[in-house]
Amino acid sequence: MTTLRRVAGKLGALLLTLFLASLLVFFSRFLVPGDPVSFLLRGRKPSPEAVAQVTAQYGLDLPPWQQYLNWLTGVLQGDFGRSLQYRQDVSQVIGDRLPVTLGLVVMAGTMIAVVGLTAGIVASLNRGKVLDRAVLIGLTVLGAIPSFVGSIVLIAIFAVQLGWFPSFGSGEGFFDTIYHLVLPSIALAIVFVVLVGKVTRSSMVEQLGREHVEVATSRGLKRGTVIRRHVFRNSIGPILTVSGVLVAGLLVASSIVEAAFGLAGIGSLLVASVDRLDFPVVQAIVLLIVTAFVVVNAIIDVLEPWIDPRAAAGAGAR
Amino acid sequence: MSPSPVMPARSTGRRVASLVAAGLGAALVLTGCSGAEPEKAQPAEWELTAQTDAPSGDLDSFTWANYAEPYSLDYAYAFDYADNMVLANVCESLMRLNPDWTLSPGLAESFAHPTPETWVYEIRSGVTFHDGTPLTAADVVASMSRHLDPAVGSSWYSNYQNVASIEQTGDMQVTVTMTGPDSQFNLGMGGSAGVIESAATLAEKGADYGNSTGGVNCTGPFSFGEWQSGESITLERYDGYWDPELTARSAEVKFIFMNDANARTNALKSGEVDGGWMIPADAVPQLLDSDQGDMLFGLNTAVNNLIISDLEGPLGDVRVRQALLMALDRQGIVDAAVKGYGNTTDVLTTESVWDGASDAAIASAFGDIEEYPYDLEAAKKLVEEAGVAGEELTYVTAPISSDFNVYAQATAAAAEAIGLKVNIETVTPNAYTALFSDPTAREGVDLFYTSWYLSSPDPLEMYSVLRTGEFSNYGEWSNPEFDAVVNEALTIEDPAARSEKTAEAQQIANEELPWLPMFEAPVTLFMGERITGVAPSIAFLYYPWAATIGAR
């Protein structure tokens with residue numbers, strides 16, 4: 001199989017997945033009870049003509065398939081419709097909030113990678129020893145802390161008690177934003193560090209016990225070199241696979257952290273929009289998360305053979 | 001201004017306490033509570049403040065905690081606390097609703113009422129919009145006409161429902177013609193229904209008018225600065241503001257959206273934020289003890305009620321409604337839900353909205369009424385007489401704030417104590433909101449809770465809602481005598497004469513209980529140690545309160 005054909009195949013599968021996701025995302029709104037127009041009215045007395053006009057303005061008077069076609073045509077041109085609650089283009093509403101969530105995900109992702117990989121590697125190299133146990137117990141304890149509890153504890157200690165970090169808001173400018181995102185990133189990273197740490201450890205342990213590692217060691221190669229070239233490089237497959245899942249997980253979990261820290265990201269926007277029946281926004285965010293997930297996983301699929309040559313030869317080599 | 005007088009709000013026995021607030025030259029009245037049991041341990045002590053100390057100087061900036069992000073700053077959609085508390089400082093109305101809940105001229109210098117069907121407004125000259133262009137009669141016509149445009153779908157349409165035409169009748173004169181006598185139209189012009197925006201801006205911004213990118217261009221003491229979506233709105237002092245009395249004392253004010261009640265309380269307690277309206281009940285005692293600023297109580301127009309939304313069920317019998325009200329330990333609810341900072345009431349309006357009422361009207365509206373003291377035995381008897389013992393009621397609630405649970409549990413306990421079964425249904429806040437606009441959402445629902453505030457200085461606003469067939473008459477209650485009284489009152493121009501008719505309507509509602517009145521509570525406000533000058537009142541929805549805030 002040539003690389004080109006493989007990439008083309010992946011791309012086809014990706015587009016099909018996205019198409020199916022768009023159907024699911026769009027039509028699921030008709031399963032939710034409630035009328036978007038009654039949300040727009042929010043308990044006020046409308047004139048009957050106004051109800052009809054507002055319904056028509058948002059295209060809610062059309063049959064569902066036609067609404068879908070209109071929506072899809074718009075989405076393909078980058079137009080996600082208009083938010084019912086903000087009376088603004090959805091792309092504008094999301095665009096305003098995306099940088100916060102991306103910043104949060106990037107910072108949390110970096111923490112997860114650094115802490116998770118370090119913990120996993122340290123544990124695997126000390127398998128069965130006190131350090132291994134300590135890391136495992138530490139990870140298990142961290143894994144038991146839900147994001148919202150983590151947020152509350154972090155705010156209580158570092159924002160309210162010590163006053164080192166702000167307790168809400170995303171700041172202005174690059175460095176201020178990073179400063180504001182430190183606590184939220186930690187709260188978001190905690191649960192996922194466990195996942196990466198444990199996968200890294202078990203993957204490394206598996207490789208450490210393999211024949212070629214023993215051979216390499218018996219040939220007199222330095223331990224550091226063996227671990228870098230043979231153990232870590234071969235362990236990276238499962239770690240990457242988990243990382244792909246992490247991306248979607250981080251985007252979704254960010255809603256809790258964003259709410260706790262008063263951050264205007266797409267996670268908290270999603271929660272608010274679901275509650276307010278702001279369908280255009282919900283559809284756009286869900287589609288965005290699905291796309292991010294599918295694309296990241298496709299990229300990992302394509303990249304994996306370059307990092308781990310055995311993957312290209314087929315799963316059998318594992 | 002000197003420190004303003006405050007009034008005792010808690011007393012035993014029903015009485016009317018009134019006191020002239022010197023700074024404002026107007027009377028604020030509040031009813032003492034009647035249902036308090038004498039042996040009640042340590043009732044919450046509180047006072048209403050009409051006006052805080054005048055600032056010692058100007059400020060560069062202060063921050064304000066807003067419990068939610070406004071949906072829009074378009075006055076046509078500004079229908080909730082979050083929108084109006086910001087908009088009130090940026091946009092002005094034809095009339096001005098003052099902190100003591102009186103109306104005075106606003107962008108209309110004066111108004112005339114030559115026939116029962118016409119209102120003639122003389123527009124103030126020398127007023128400019130924030131972009132520097134002068135206010136004209138054409139702007140007034142364009143702004144008001146939007147409420148009649150179905151494509152806009154204005155939230156304030158009901159104020160305009162009897163309007164036949166809005167026309168410019170002079171250089172600076174606008175005439176509104178009604179289809180019939182309507183005493184309420186002009187009273188509504190002090191709220192967002194009377195806001196005036198530049199016609200050019202409305203045309204230029206189109207659908208983006210009032211949203212976070214479009215912004216607004218009005219005549220208020222502050223101009224729209226920046227709206228950081230999901231986080232904050234910053235307003236800037238407008239140097240060309242026309243009214244020297246209300247020129248902003250702070251160069252800037254920043255509203256921060258803090259949906260989380262704990263986060264808001266933390267920020268106020270730590271001094272991270274300078275102030276906020278509508279303090280969560282749980283936080284009131286904490287903030288009273290805080291040395292970061294003052295916890296204040298102000299005039300309100302809201303009454304906390306149970307809406308009876310099904311008169312086909314057991315609650316269709318007035319005896320059952322009376323029984324349920326008598327089985328509710330309303331003082332207990334006040335203590336649990338608002339930590340004691342409220343008074344039980346038997347009527348659906350507060351005395352604060354009876355501006356211009358005659359003494360006789362006040363006496364009959366608040367004195368000559370049925371009281372429903374906590375009395376389980378009498379209540380049980382009424383339920384037995386009605387023959388509905390054992391029947392089931394559905395009460396819908398939502399996790400909106402901690403007090404919602406108190407109302408639900410207390411109502412269920414009360415109903416069960418008198419032999420009715422109660423099924424509490426918890427729905428999402430959005431589904432709860434739909435109860436107020438969507439009749440299908442109310443199917444099979446007997447009861448839900450609301451805090452209902454009035455936006456004009458006339459109690460008729462409350463009672464016009466309960467007429468047969470009205471949009472917000474959720475239980476479809478119908479009483480021809482009541483309808484006739486309210487309809488007649490609506491045509492009476494003289495406030496004193498009108499108030500006597502309104503008092504009759506209040507007495508009927510008090511006997512018939514289409515909604516069950518529970519209690520009234522003051523508006524709550526926290527003002528940090530850096531700032532002063534605000535007038536604590538629900539007028540914060542329509543009056544440029546932030547302009548008066550300066551350095552302490």
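The values are calculated or read from the model by the stated rules, or taken from the named source; none is laboratory data. Quick caveat: nothing in here was measured; it's all calculated off a predicted structure. Here the Cβ positions follow ideal geometry from the backbone for every residue, glycine too, while neighbour counts run over all protein chains shown. With ligands, DNA and RNA removed, areas are computed over all heavy atoms of the protein, side chains included. Shrake-Rupley method; radii C 1.70, N 1.55, O 1.52, S 1.80 Å.
Listing for the model above:
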read-out	value
Residue match in the range B:448-462 (condition: out of contact with any Cys (no Cβ under 8 Å at 6 or more places or on another chain), free of Cβ contacts under 8 Å to residues at least 40 places away in the same chain and either open to solvent by less than 60 Å² (accessible area, probe 1.4 Å) or in the same structural domain as B:Trp515 (by the TED database) (or both))	no
Which listed residue, of A:Ala253, A:Ala216, A:Ala189, is under 13 Å from A:Ala108 (Cβ atoms), more than 14 Å from every other protein chain (Cβ to nearest Cβ), open to solvent by less than 10 Å² (accessible area, probe 1.4 Å) and in contact with a helix residue (DSSP H, G or I) (Cβ under 8 Å, 6 or more places away or on another chain)	A:Ala189
Candidate set from the range A:159-181 (those that are closer than 19 Å to B:Asn266 by Cβ, aliphatic (A, V, I, L, M) and surrounded by 11 or more Cβ atoms within 10 Å (Cβ to Cβ)); member that is modelled with the lowest pLDDT	A:Val160
Every pair of residues 6+ apart whose Cβ atoms lie under 7 Å, when the first sits in the range A:51-70 and is facing another protein chain (nearest Cβ under 10 Å) while the second is open to solvent by 50 Å² or more (accessible area, probe 1.4 Å)	A:Thr55/A:Asp61
Lone unmet requirement of (1) more than 14 Å from chain A (Cβ to nearest Cβ); (2) over 23 Å from the mean Cα position of the chain (by Cα) for B:Glu443	(1)
Tally of residues being more than 23 Å from the chain's Cα centre (by Cα), surrounded by fewer than 23 Cβ atoms within 10 Å (Cβ to Cβ) and among the polar types (S, T, N, Q) across the range B:233-262	3
Lone qualifier among B:Val140, B:Val127 - being touching a Leu at 6+ places or on another chain (Cβ under 7 Å) and open to solvent by less than 10 Å² (accessible area, probe 1.4 Å)	B:Val127
Enumeration of residues in the range B:272-292 that are in a loop (DSSP other than H, G, I, E, B), open to solvent by 40 Å² or more (accessible area, probe 1.4 Å) and within 14 Å of another protein chain (Cβ to nearest Cβ)	B:Glu272, B:Gln292
Those residues of the range A:268-293 which are modelled with pLDDT of 85 or more and β-branched (Val, Ile, Thr), in sequence order	A:Val281, A:Val282, A:Ile285, A:Val286, A:Ile289, A:Val290, A:Thr291
Candidate set from the range A:264-281 (those that are open to solvent by less than 30 Å² (accessible area, probe 1.4 Å) and under 14 Å from A:Val32 (Cβ atoms)); member that is nearest to the other protein chains (Cβ to nearest Cβ)	A:Leu277
Members of the range B:191-214 that are out of contact with any Asp or Glu (no Cβ under 9 Å at 6 or more places or on another chain) and open to solvent by less than 20 Å² (accessible area, probe 1.4 Å)	B:Gly191, B:Ala193
Residue in the range B:108-122 that is within 14 Å of chain A (Cβ to nearest Cβ), free of Cβ contacts under 8 Å to residues at least 60 places away in the same chain and touching a strand residue (DSSP E or B) at 6+ places or on another chain (Cβ under 8 Å) present	no
Number of positions in the range B:506-545 that are within 15 Å of the chain's Cα centre (by Cα), open to solvent by 10 Å² or more (accessible area, probe 1.4 Å) and farther than 14 Å from B:Thr350 by Cα	3
Among (1) open to solvent by less than 50 Å² (accessible area, probe 1.4 Å); (2) under 24 Å from A:Val231 (Cα atoms) - the single one A:Arg97 does not satisfy	(2)
Residues of the range B:73-103 classified as in a loop (DSSP other than H, G, I, E, B), of a type in the set (Gly, Ala, Ser) and surrounded by fewer than 24 Cβ atoms within 10 Å (Cβ to Cβ), total	1
Scope the range A:71-82; condition more than 9 Å from chain B (Cβ to nearest Cβ) and under 26 Å from the mean Cα position of the chain (by Cα); matching residues	A:Trp71, A:Leu72, A:Gly74, A:Val75, A:Leu76, A:Gln77, A:Gly78, A:Asp79, A:Phe80, A:Gly81
Test for A:Leu195: is it open to solvent by 50 Å² or more (accessible area, probe 1.4 Å), in contact (Cβ under 8 Å) with a residue 12 or more places away in the chain and more than 12 Å from every other protein chain (Cβ to nearest Cβ)	yes
Residue ID - modelled with the highest pLDDT, chosen from residues in the range B:394-428 that are small (Gly, Ala, Ser) and closer than 20 Å to B:Asp260 by Cβ	B:Ala398
Residues of the range B:106-118 that turn out to be over 25 Å from the mean Cα position of the chain (by Cα) and open to solvent by less than 50 Å² (accessible area, probe 1.4 Å), as a count	2
Among residues of the range A:47-78, those that are part of a loop (DSSP other than H, G, I, E, B), within 30 Å of B:Ser145 (Cβ to Cβ) and of a type outside the set (Gly, Ala, Ser), counted	4
Residue in the range A:27-34 that is within 24 Å of the chain's Cα centre (by Cα) and at pLDDT 85 or above present	yes
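Residue by residue, here is whether (1) in contact with a strand residue (DSSP E or B) (Cβ under 8 Å, 6 or more places away or on another chain); (2) under 20 Å from B:Trp64 (Cα atoms); (3) of a type in the set (A, V, I, L, M, F, W, C) holds:
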{"site": "B:Val465", "(1), (2), (3)": "no, no, yes"}
{"site": "B:Ser472", "(1), (2), (3)": "no, no, no"}
{"site": "B:Phe482", "(1), (2), (3)": "no, no, yes"}
{"site": "B:Thr502", "(1), (2), (3)": "no, no, no"}
{"site": "B:Thr524", "(1), (2), (3)": "yes, yes, no"}
{"site": "B:Met527", "(1), (2), (3)": "yes, yes, yes"}
{"site": "B:Val534", "(1), (2), (3)": "yes, yes, yes"}
{"site": "B:Ala551", "(1), (2), (3)": "yes, yes, yes"}
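Table: residues versus (1) touching a Phe, Trp or Tyr at 6+ places or on another chain (Cβ under 9 Å); (2) of a type outside the set (D, E, K, R).
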residue: B:Glu204; (1), (2): no, no
residue: B:Leu235; (1), (2): yes, yes
residue: B:Arg249; (1), (2): no, no
residue: B:Phe257; (1), (2): yes, yes
residue: B:Asp274; (1), (2): yes, no
residue: B:Gln292; (1), (2): yes, yes
residue: B:Gly298; (1), (2): yes, yes
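Yes/no per residue for (1) open to solvent by less than 30 Å² (accessible area, probe 1.4 Å); (2) more than 22 Å from the chain's Cα centre (by Cα):
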position	(1), (2)
B:Gly332	yes, yes
B:Lys339	no, no
B:Leu348	yes, no
B:Asp355	no, no
B:Phe366	yes, no
B:Tyr374	no, yes
B:Phe404	yes, no
B:Ala413	no, yes
